[in-house]
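Below is one structure, written out as structure tokens, with a few remarks after it.
The values are calculated or read from the model by the stated rules, or taken from the named source; none is laboratory data. Note that this is a predicted model, so its numbers are computed, not measured. Cβ placement follows ideal geometry from the backbone for every residue including glycine, while neighbour counts extend to all protein chains displayed.
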């Protein structure tokens, strides 16, 4: 009897894919851009049978699987992309990012393990080290013959890494550094590749020479011998089970009198002479620290990209499911879930978000490549987009899970892994809240630089008030009654105005707190945290809106421009809708305009719904990577 | 060398607990209320060593563990609380809810397994069956000698359960029902206790007698023999790995010519005579269906409660961690994370939320007990609070996880389980979006009943406009310039006005669509989904604000009233802040009032911070249940 049920047709109803005026493949070609070849190479690897999603429940086995995957990718020569040109690499950040993005369709743990190995370990040696280190370590790192990690975070210091406790004392007699973990809380923690696989670590420690502390520096430190046993003086613990990313072997490390030769200081920004004199082009410890940290900005870009890639998978699953699932309704068939206004209002803004961040991250990478000089701008931009993108991705994945109901809760349908793996992206490579404060501080710093030219101080203060007035006047003119909310210039005007106003206000408040009330900067920044977070959000939103509008304006084909234009309208107005309270309470927007924004969003959601399946098909996520049976076919 | 690190002091810094004017124990006594004894009984069980959180990774083992836990609880006699008085139960819903709430501190899977066994299986027999069924099944169910489940959801029908495909045909010759699953999609799915343990199921199926379909009815159907093997004609599959709740054995079931005697129809609302005549007091299939479904409202109350209980655990962990963790800052010590305005703005509203839902659910249970007659009101209230509470809990758990940074990502610190287990609460016992539409439809139904008395139709329509005007006039008077945002009456006025206005507007729109545009109700409801969801949210918020204000007003002690009054202010103004765009764009609020709301929220967050640790200590969550090392000590 029981086998009879096997005769049931178990196939899902077809995903409804009416032609809506453009071919997904054409849009995919546009999104893939010039790196279609390397994207396809990565896809050809991660769709091999042995790359099927891990389905076991033993994390040790999962870790071994991920290591095998990592080696396969290195064997295919993809690690070489991360090398500097003199060692055979291509030094093409956009290509590297194309690899990361494509890998993000597959497995979060592999992505992070690879990011640790090539990006953090290899990347920090490349960015903080010099030729000696490059030649010694990078080829092995790229080939995964030398596995390493990035040992910065400590138990006691996750965000405030300038206050790390690990100490490296220079011993001029032996010309080496003695590395010590003076306390429990000085133990390195959450270090990828530490618990099992890593042989070497780039260790961040306070550099002491005699009585002087020169601040945090990076050292290459072996932690395991050739048999995988911890070296004498090195204590390693497994961080244990995590919420997600359990294919990555995170661990804790303490050092006791671990000695490394003087050559193992990554000395691009600072050097110690044999006899123990400290030399650096950058005189202030503080500036040097931020210069070093600043070079690690690529990790944040990668997080933004990976989070968005995982959001793409989620949106693809949710929209395809809604385009085949029917529930309620009185016709011959029940109503397609995607046809409900509630579904459209729920999912279409998420689709707009993933497109927006796609363009924003691509633009960020271009800016990073083209003008490596303006470090502060890049740093702020990367921080803002990383925070905005990862928070948005978490929201996206969750809403997509819910919109797939009980099916979305099944492990096989992928949300379990996507949610769990992406979660920590809001924390690592810089906690989002901390990053957003960095963004705001950078913006205030730039404002201060502008105002400096306006001395004396009273003129500067007057200038802030005047600028606020002028800004408002111009904005109110631009957005006068007859202006269309669907004009890109109008949309941008709202986001720019909000950002500039918040900046000038925060600048004014900071001035009052520090000059009139005598607060130190730290206290003033702390007091202003809510305002600074709002400012940073406004900045990030403006950047993403700008990127989206630029991308649409630059699209070659009219047939593709139409659906993307609708998406960018939706993105802009959906995020503007969140802030209508602010515009209204300040008298920056009439009530009827605010009401119109909401009507536009609802209507745009209906319109985008027509293109929705084609728009997710254009991501080109391979079936095996997407995995979810509810979204295939 | 390696063991040297063991000499490090691994203890966390103390959680800072300055006395802030009240004893957490006093507040806990107030929260625990009259059911402190049963709460303590449950705590004494779930803090036994064998109830330590499951830490394995094998879900089969986890399921076995949960079954052992369940039996331990039944052996302690707690299952008896679910029985009707004539079978030795206490029929005290508040006591039952006290048990559920306390259990929610322990393990999500146990909670759900217990809810399936006592609440859904036992509860549906109690609510839909009659004395024969009660005597036959309930004692065994309460003692866990008879394990069962609630087989309603099918692969093809999760939300629209009125359209279930399973069929029960009455065979008058044999006086039994023949149950069949006619298709793949008619298979029951996500059924707790189905994959392994359940012996019986309450199966929902379309009752066919001859050519007539009398709609969905419930039948008690055995699915396994005494050896745990599926009975002939019953096909069972394991639903497999889920995002969470992996200690519950969810499964799929198909029936092929499964016969059950006529007695096994749960016949409280309908009966079939031996010769096949159908009899029911409720004439319409539709009304009968909703009456049957309506009796299952306790499950939704339980979900609201459990979600909030899990949010309490999260908030406790996050606040205690922030009260011991220091990061950044220039003094002798770094700054306590809880002292940052950003942390306060992030966590304090979540603390207000969990208190608010505590009172809201307690009030809901009281209303349910006191007036079982107004079924529609209870149903709407339970649906609204379930949706609002579970969505809020998911948000709360996520923000708490993030605020604990990398430590929050460690499995041992509990967010992994809390997030994963609570996630599905937004879906089961009614998808939140569907429930919110039910809420709105009920409200529109009530409005229609009122308007009916105002016939003819044109008068009714006029009346809506007049009522909107009168409403606005009274509201604007109430909230005139000098009124304080900290007055409970004021706060309530905002929420009531918003709800009433949205209701009257939606009612007017519905009328226009159905009367002037000739739409059928289903299409009109569908078109108005965004408006209806907004209305339902407004209703749920008003209910919760009201509950909080009532609870505070009824507090005996001044020392406790002070901190809770601040929390209720924060709750009301934090949620009002979300809607200031709506009040402003409609001209219902001056801009300066909206700005004042935000200032109040920021200040209240600072003030509540002082009481925060005491407020979470008052939840009285046992250390072993809370689990998270970062939050103990």
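Just to check your reading of the model, which residue among B:109, B:124 is assigned to a helix (DSSP H, G or I) and touching a helix residue (DSSP H, G or I) at 6+ places or on another chain (Cβ under 8 Å)?
Within the list B:109, B:124, the selection yields B:109.
What are the pairs, 6+ residues apart or on separate chains, where a residue within segment A:364-380 that is assigned by TED's automatic domain parsing to the domain that holds residue A:436 and at pLDDT 80 or above has its Cβ under 9 Å from a residue that is loosely packed, with under 14 Cβ neighbours inside 10 Å and not in a helix (DSSP H, G or I)?
A:367/A:374; A:377/A:371; A:378/A:371; A:378/A:372
I want to confirm something. Restricting to segment B:319-341 and keeping residues that are within 13 Å of chain A (Cβ to nearest Cβ) and in a helix (DSSP H, G or I), which single residue is surrounded by the fewest Cβ atoms within 10 Å (Cβ to Cβ)?
Top of the filtered list is B:339.
May I ask you to say which residue of B:255, B:190 is surrounded by 22 or more Cβ atoms within 10 Å (Cβ to Cβ) and more than 30 Å from the chain's Cα centre (by Cα)?
When all the criteria are applied, what remains is B:255.
Just one of the numbered conditions (1) more than 14 Å from every other protein chain (Cβ to nearest Cβ); (2) buried (at least 24 other Cβ atoms within 10 Å of the Cβ) is not true of residue B:378; which one?
Among (1) more than 14 Å from every other protein chain (Cβ to nearest Cβ); (2) buried (at least 24 other Cβ atoms within 10 Å of the Cβ), residue B:378 violates only (2).
Applying the selection to segment A:179-200, what residues are part of a strand (DSSP E or B) and under 22 Å from residue B:410 (Cα atoms)?
Listed by number, the residues that qualify are A:188, A:189, A:190, A:191.
Is it the case that residue B:356 is outside any loop (DSSP other than H, G, I, E, B), crowded, with 24+ Cβ neighbours inside 10 Å, modelled with pLDDT of 95 or more and within 12 Å of chain A (Cβ to nearest Cβ)?
no
Return only the number of the condition from (1) more than 10 Å from every other protein chain (Cβ to nearest Cβ); (2) in contact with a strand residue (DSSP E or B) (Cβ under 9 Å, 6 or more places away or on another chain) that residue A:366 does not satisfy.
(2)
May I ask you to say which residue of A:604, A:626, A:584, A:576 is under 30 Å from residue A:54 (Cβ atoms) and crowded, with 20+ Cβ neighbours inside 10 Å?
A:626
Considering only segment A:399-448, how many residues are within 11 Å of another protein chain (Cβ to nearest Cβ) and modelled with pLDDT under 95?
Going through segment A:399-448 one residue at a time, the tally reaches 2.
Check segment B:567-580 and report whether any residue there is touching a helix residue (DSSP H, G or I) at 6+ places or on another chain (Cβ under 9 Å), facing another protein chain (nearest Cβ under 10 Å), modelled with pLDDT of 95 or more and farther than 18 Å from residue B:351 by Cα.
yes
Being assigned to a helix (DSSP H, G or I) and not assigned by TED's automatic domain parsing to the domain that holds residue A:566 is true for just one of A:16, A:90, A:55, A:86. Which residue is that?
The conditions single out A:86.
Please state which one of A:125, A:155 is crowded, with 18+ Cβ neighbours inside 10 Å, over 26 Å from residue A:272 (Cα atoms) and outside the structural domain of residue A:305 (by TED's automatic domain parsing).
Testing whether each residue is crowded, with 18+ Cβ neighbours inside 10 Å, over 26 Å from residue A:272 (Cα atoms) and outside the structural domain of residue A:305 (by TED's automatic domain parsing) leaves just A:155.
Among what's in segment A:150-175 and is in a strand (DSSP E or B) and in contact with a helix residue (DSSP H, G or I) (Cβ under 6 Å, 6 or more places away or on another chain), pick the residue that is nearest to residue A:214 (Cα to Cα).
A:154
With a cut-off of at least 1 residues that are touching a residue at least 60 places away in the same chain (Cβ under 8 Å) and more than 10 Å from chain A (Cβ to nearest Cβ), name the strands (runs of 3 or more DSSP E) lying wholly within segment B:216-263.
The qualifying strands (runs of 3 or more DSSP E) are B:251-255, B:258-261.
Where residues in segment A:136-149 are in contact with a strand residue (DSSP E or B) (Cβ under 9 Å, 6 or more places away or on another chain) and part of a loop (DSSP other than H, G, I, E, B), which of them is farthest from residue A:65 (Cα to Cα)?
Among those that are in contact with a strand residue (DSSP E or B) (Cβ under 9 Å, 6 or more places away or on another chain) and part of a loop (DSSP other than H, G, I, E, B), it is A:146.
For segment A:143-167, name all the residues that are more than 11 Å from chain B (Cβ to nearest Cβ) and free of Cβ contacts under 8 Å to residues at least 24 places away in the same chain.
Correct list: A:145 only.
Take residue A:388 and decide whether it is in contact (Cβ under 8 Å) with a residue 12 or more places away in the chain, within 12 Å of chain B (Cβ to nearest Cβ) and crowded, with 24+ Cβ neighbours inside 10 Å.
Against the criterion (in contact (Cβ under 8 Å) with a residue 12 or more places away in the chain, within 12 Å of chain B (Cβ to nearest Cβ) and crowded, with 24+ Cβ neighbours inside 10 Å), residue A:388 does not qualify.
Given (1) more than 21 Å from residue B:113 (Cα to Cα); (2) within 30 Å of the chain's Cα centre (by Cα); (3) without any contact (Cβ under 8 Å) to a residue 60 or more places away in the chain, identify the lone condition not met by residue B:183.
(2)
Please pick out the residue among B:22, B:35, B:51 that is at pLDDT below 95 and either under 30 Å from residue B:607 (Cα atoms) or touching a helix residue (DSSP H, G or I) at 6+ places or on another chain (Cβ under 9 Å) (or both).
B:35
Tell me whether segment A:275-292 contains one or more residues that are assigned by TED's automatic domain parsing to the domain that holds residue A:219, at positive phi, surrounded by fewer than 19 Cβ atoms within 10 Å (Cβ to Cβ) and not in a strand (DSSP E or B).
Within segment A:275-292, one or more residues are assigned by TED's automatic domain parsing to the domain that holds residue A:219, at positive phi, surrounded by fewer than 19 Cβ atoms within 10 Å (Cβ to Cβ) and not in a strand (DSSP E or B).
In segment B:299-313, is there at least one residue being without any contact (Cβ under 8 Å) to a residue 60 or more places away in the chain and either within 29 Å of the chain's Cα centre (by Cα) or assigned to a strand (DSSP E or B) (or both)?
no
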